[in-house]
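Contents: one structure, followed by commentary.
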Amino acid sequence: MIAPAGVRALAVVSLLAISALAGCGRGDDAKKDGARGDARTVAKTSARERAERRGYDGAPPVIPHQNFGVECMSCHNDRGMQVEGVGFAPPMPHAVTAGLSDIARCRQCHVFRETDEIFVASDFRGLAQDLRRGRRLNDMTPPVIPHPVFMRENCYACHAGPAAREEIRCSHPERARCQQCHVEENATDLFTP
Amino acid sequence: MDRRRFIQALGTGTGIVAFSQAHKDEAKAFAEGQSAINPSDLTWGKAPCRYCGTGCGVEAGVKDGKVMAVRGDTASPVNKGLLCVKGYHLPAMLYGKDRLTHPMKRGADGKSWEKISWDDALDLIASKYQEALKESGPESVAIYGSGQWTIFDGYAALKWFKGGMRSNNIEPNARLCMASAVMGFVTQFQSDEPMGCYEDFEEGDDFIMWGNNMAEMHPVLFSRILESKRKKPNVRIIDLATRRTATTDYADMYVEFRPGSDLAIANGILHLLIESGKLDNAFIKENIVFKRGIEDLEEIGFGCYGDQAEHYTFQDKTRDSSIDEFKKLVSEYTPAHVSKISGVPEAQLRSLAEMYGDQSRGTISLWCMGVNQHTRGTWMNNLITNLHLVTGKISRPGSNPFSLTGQPSACGTVREVGTLANRLPADMVVTKKEHRDIAEKIWGVPEGTIPAKPGYHATDMFRAFMRGDVKVMWVQTTNPWVTMPNLHRIDRKPGDGRFLIVSDIYPTPTTEAADLVLPAAAWIEREGAFGNSERRTQHFDKLVEPPGEAKEDAWQIIEVAKRMGMGHLFPWPEDAWHKPMFEEYRSFGLGHGKDLASYDQLRKTRGMVWPVVDGKETLYRYAAGYDPYVKKSKGVHFYKAKGYGEKAAVWFRPYHPPAEEPDADYPFWLCTGRVLEHWHTGSLTRRVKQLHQAVPKAYVELNRADATKLSVKSGDRVKLVSRRGSMEMDVKVDGRGKPPVGSVFVPFFDEHYLINELTLDAMCNISKQPDYKKCAVRVERV
Ligand code: SF4
């Protein structure tokens with residue numbers, strides 16, 4: 001379902017405002033529902049909550065729910081799963097990443113959050129997770145992908161299905177081959193001499 | 001991205017879809033609301049990860065002089081774009097609020113700190129060292145660094161100490177970490193470091209992990225093995241361990257053994273290989289000699305009791321042996337006998353022997369601290385390599401003994417530069433005149449500058465500092481007042497007449513013990529180079545400025561040397577010394593099988609695996625067709641082992657019991673180690689929110705049966721008591737690690753729970769590496 005344009009644009013603007021206020025999860029004292037590792041339920045994720053789970057844009061998110069003691073992939077499978085009493089477990093975006101696989105060790109990168117406390121305060125400012133529009137050649141062309149595709153090869157994980165946030169939800173998931181029209185913005189070259 | 005490339009990237013024939021007004025409005029709103037920095041607005045530079053010996057390549061994204069993000073470097077052959085949670089959170093490690101930003105001296109009260117200038121600090125260090133040299137000689141000065149020193153830091157320290165101060169009292173924390181592996185390789189190949197490379201993880205079939213929780217300690221390498229297992233389902237992971245860990249979850253066979261009995265198990269496998277005729281006799285005849293050393297338990301001891309308690313000076317003596325004698329000695333280790341010592345079922349011992357003996361399958365043995373931090377660590381290294389040597393499963397893609405390193409430059413700095421009390425660069429030692437001559441010549445210092453007697457090894461260095469035999473000690477890039485075993489033995493309050501300098505980036509228990517603290521530049525705040533577990537040297541540029549007045553460790557050393565009249569050791573321009581220093585260091589190894597890539601080549605590549613000859617790296621050392629030093633058309637040639645007729649040595653090494661075992665008063669084994677989320681003592685990783693929040697404090701892992709017996713559950717407090725100290729902490733039952741009945745595990749990352757106050761400072765006889773894995777404790781309910 002696509003919300004009317006005006007509403008969507010508003011939502012986008014207010015999300016940006018909220019994330020700016022919340023410092024995009026950089027505030028060490030931020031206490032948020034569902035962010036702690038002892039949470040039983042996970043509400044549908046807003047952009048702000050998304051930011052809170054990551055050190056910077058591109059960092060692996062911490063796990064927003066308690067340890068249920070089951071295989072991660074039994075819920076975060078390639079279509080995602082509605083888990084009774086918990087919420088929708090989004091699909092895993094990197095099931096086909098070269099070097100990773102469905103037997104990979106998820107907790108090598110994703111960790112639970114056992115406490116809200118910090119050891120020492122930090123001045124770290126990560127790459128902000130504001131909404132970033134894919135650049136377009138002109139109004140008529142499809143936007144390029146404004147983030148690296150590596151580790152996010154499964155576009156549907158974030159852009160379709162019940163877990164997809166409104167502002168990045170794809171209006172035409174039936175067209176299947178996303179990268180036929182959307183190409184990765186090749187962010188940079190290394191400045192290696 | 002410029003406009004032309006953008007158009008190219010999109011292609012010309014993009015199907016134009018009729019966009020609705022809604023889409024256009026939305027796009028406009030995005031564009032107007034957008035204030036964010038794009039990844040493309042950052043400047044990205046390459047660097048190896050700051051943490052473990054895996055040496056993953058990262059790209060660090062910098063804006064306005066700060067690191068704002070990292071991403072796994074897809075061009076790095078080490079990690080191919082993946083990182084572990086520590087690597088992903090590298091940037092935050094630099095920005096803890098309590099970064100040390102200026103030199104500080106103890107106030108007159110012995111407690112407070114006074115800010116001082118760099119000039120005053122450097123003058124003070126120079127005068128303290130000079131005074132000690134004058135009054136008590138070169139044995140009274142010391143420097144203690146680490147496997148986190150860059151190659152530049154280590155080389156500067158080595159040259160200054162051995163070539164300027166005329167002292168061999170330079171040691172790294174890697175003595176606590178890799179010394180047994182060094183002595184293992186040196187006693188067998190007369191050259192340090194493994195023959196294989198990370199491609200072994202795709203080439204091998206059986207991965208036999210000896211006391212090695214690879215899933216947590218070398219996560220990205222472990223994921224390479226898992227990926228290989230997915231593609232080749234007949235790949236097997238064998239976990240030989242004293243406790244169940246994250247690695248066990250992925251193992252095809254779990255072999256649980258009594259602590260210390262790995263010596264018996266390896267001998268038992270050797271015996272079964274002999275008995276079943278699985279030795280590769282042709283390989284042995286061509287490439288192997290047999291050796292024995294001192295085998296008497298009393299004579300060797302453990303370095304911590306009686307006469308050995310202060311000075312531990314055991315020297316092994318080599319004698320020749322033969323295959324027949326070897327077979328006879330090993331024959332004592334029958335499956336029944338080994339099973340009795342180790343608790344491992346005979347059937348499992350036989351399966352292990354079948355794997356090592358199966359010529360149709362590639363075998364990789366992997367080990368790290370379980371084998372190295374062992375009172376017979378050198379022996380255990382020898383025994384594992386023996387298994388590969390007698391079966392010829394060595395220096396072949398997919399078949400190698402593979403020693404993993406814990407620190408980013410344990411290999412590159414400590415082992416290759418030789419920042420140890422007894423070593424010099426490129427496999428040379430201070431005890432050999434011809435080696436000292438070479439070093440003195442390259443350094444342009446008079447003959448006889450480098451003393452022939454090795455300096456204090458790490459544990460002894462701290463004992464000497466406490467006795468007052470060492471008067472001035474400088475600690476860089478490490479935290480010994482958390483990591484030394486039997487910590488109470490080095491309890492120290494400033495003002496005891498000795499002088500301790502500590503360079504670090506954050507306050508730690510070690511800076512608390514110091515008289516002078518210097519702020520260091522970390523990771524990509526300075527130029528550096530690390531060497532990882534697979535002999536890969538990786539250079540990184542300085543990408544951001546360090547905070548405040550923080551300076552790189554090598555600079556600190558050079559400045560003190562200049563103030564002591566030893567500036568001639570560092571005759572390079574102040575703003576361009578890295579390249580000439582590296583090229584001078586490199587000249588030690590060229591032509592000796594330790595050829596590093598040139599500085600210019602290293603700057604351009606994602607690291608190079610040495611020996612690098614004619615600009616080409618060597619993936620498999622000693623192997624025909626790979627190693628340019630091997631002139632044979634096939635097979636192997638252990639060309640570095642000149643003293644063994646260019647053959648490798650198989651050593652008979654018997655089983656000895658550990659230094660301390662559980663008894664009626666102290667009925668539990670205590671094992672210590674790391675967790676995935678924290679790096680060593682946590683001084684860096686605990687300042688990263690996500691990592692600290694994942695594992696906020698240390699705990700003691702207890703078996704469920706033991707917990708039930710003590711009527712405690714997870715979260716309850718217990719008191720651990722050893723003969724050396726005691727500590728109260730939280731219990732964890734069925735956590736990530738599950739120790740067997742009668743055994744507990746405590747991680748050492750937490751400076752508020754100094755588990756090393758309980759550990760025993762027993763050592764390996766040959767490597768002088770302490771054993772942090774085995775001592776006896778009591779568990780009390782509180
Ligand atoms: S800690 Fe080790 S495995 Fe993790 S990213 Fe760094 S080098 Fe790689």
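The values are calculated or read from the model by the stated rules, or taken from the named source; none is laboratory data. This is a predicted model, so every value here is computed, not measured. A quick note on method: Cβ atoms are made from the backbone with ideal geometry, for glycine too, and the neighbour counts reach across all protein chains shown. These area figures cover heavy atoms from the full protein model, side chains too; ligands, DNA and RNA do not enter into them. Shrake-Rupley method; radii C 1.70, N 1.55, O 1.52, S 1.80 Å.
Can you find a residue that is surrounded by 23 or more Cβ atoms within 10 Å (Cβ to Cβ), in contact (Cβ under 8 Å) with a residue 40 or more places away in the chain and charged (D, E, K, R) anywhere in region B:513-521? The answer is no; no qualifying residue exists.
Annotation: B:Arg350 fulfils all but one of (1) surrounded by fewer than 24 Cβ atoms within 10 Å (Cβ to Cβ); (2) in contact (Cβ under 8 Å) with a residue 60 or more places away in the chain; (3) in a loop (DSSP other than H, G, I, E, B); (4) not β-branched (Val, Ile, Thr); the unmet one is (3). Being buried (at least 18 other Cβ atoms within 10 Å of the Cβ), more than 16 Å from the ligand (Cβ to nearest atom), under 30 Å from B:Lys134 (Cα atoms) and not assigned by TED's automatic domain parsing to the domain that holds B:Gly196, is that true of even one residue in region B:524-540? Looking for residues that are buried (at least 18 other Cβ atoms within 10 Å of the Cβ), more than 16 Å from the ligand (Cβ to nearest atom), under 30 Å from B:Lys134 (Cα atoms) and not assigned by TED's automatic domain parsing to the domain that holds B:Gly196, one finds none in region B:524-540, hence no.
B:Ser127 fulfils the conditions (1) within 16 Å of the ligand (Cβ to nearest atom); (2) more than 30 Å from A:Val149 (Cβ to Cβ); (3) polar (S, T, N, Q) except for a single criterion, (1). Residue-level check: of (1) of a type in the set (Val, Ile, Thr); (2) within 8 Å of chain A (Cβ to nearest Cβ); (3) within 11 Å of the ligand (Cβ to nearest atom), B:Thr74 misses just (3). Taken together, B:Gly65, B:Gly57, B:Gly81, B:Gly137 contain a single residue that is within 16 Å of the ligand (Cβ to nearest atom) and on the phi > 0 side of the Ramachandran plot, which is B:Gly81.
Here B:Ala142 meets each of (1) away from the ligand (no atom under 16 Å from the Cβ); (2) under 23 Å from B:Pro519 (Cβ atoms); (3) open to solvent by 10 Å² or more (accessible area, probe 1.4 Å) with one exception, condition (3). Scanning region B:178-222 for residues that are hydroxyl-bearing (Ser, Thr, Tyr) and in a helix (DSSP H, G or I) returns B:Ser180, B:Thr187.
Just one residue in the set B:Ala121, B:Ala108 is away from the ligand (no atom under 16 Å from the Cβ), free of Cβ contacts under 8 Å to residues at least 24 places away in the same chain, assigned by TED's automatic domain parsing to the domain that holds B:Ala554 and of a type in the set (A, V, I, L, M); that residue is B:Ala108. Is it the case that region B:65-86 has a residue that's touching a residue at least 12 places away in the same chain (Cβ under 8 Å), farther than 16 Å from B:Phe222 by Cα, among the polar types (S, T, N, Q) and open to solvent by 10 Å² or more (accessible area, probe 1.4 Å)? No, region B:65-86 contains no residue that is touching a residue at least 12 places away in the same chain (Cβ under 8 Å), farther than 16 Å from B:Phe222 by Cα, among the polar types (S, T, N, Q) and open to solvent by 10 Å² or more (accessible area, probe 1.4 Å). Looking at this structure, is B:Ala215 open to solvent by less than 10 Å² (accessible area, probe 1.4 Å) and within 13 Å of another protein chain (Cβ to nearest Cβ)? Yes; evaluated as a whole, the condition is true for this residue.
Out of B:Arg224, B:Arg243, B:Arg236, B:Arg230, which single residue is farther than 30 Å from B:Lys632 by Cα, assigned by TED's automatic domain parsing to the domain that holds B:Asp320, open to solvent by 40 Å² or more (accessible area, probe 1.4 Å) and in contact (Cβ under 8 Å) with a residue 12 or more places away in the chain? Answer to the check: B:Arg236. Filtering region B:214-238 to residues that are farther than 19 Å from A:Ala98 by Cβ, more than 13 Å from the ligand (Cβ to nearest atom) and not β-branched (Val, Ile, Thr) leaves B:Asn234, B:Arg236.
Residues that are more than 27 Å from B:Asn213 (Cβ to Cβ) and more than 19 Å from the chain's Cα centre (by Cα) were ranked within region A:84-116; the one that is nearest to the other protein chains (Cβ to nearest Cβ) is A:Asp116. For region B:291-308, the criterion of being in the same structural domain as B:Asn386 (by TED's automatic domain parsing), surrounded by fewer than 13 Cβ atoms within 10 Å (Cβ to Cβ) and β-branched (Val, Ile, Thr) is met by none of the residues. Out of B:Thr685, B:Thr618, B:Thr708, B:Thr672, one residue alone is over 23 Å from A:Arg107 (Cβ atoms), surrounded by 19 or more Cβ atoms within 10 Å (Cβ to Cβ) and at pLDDT 95 or above. It is B:Thr618. Do we have any residue at all in region B:370-381 that's buried (at least 19 other Cβ atoms within 10 Å of the Cβ), at pLDDT 95 or above and over 27 Å from B:Leu297 (Cβ atoms)? No.
Scanning region B:185-208 turns up at least one residue that is open to solvent by less than 10 Å² (accessible area, probe 1.4 Å), within 16 Å of the ligand (Cβ to nearest atom), within 14 Å of another protein chain (Cβ to nearest Cβ) and modelled with pLDDT of 95 or more.
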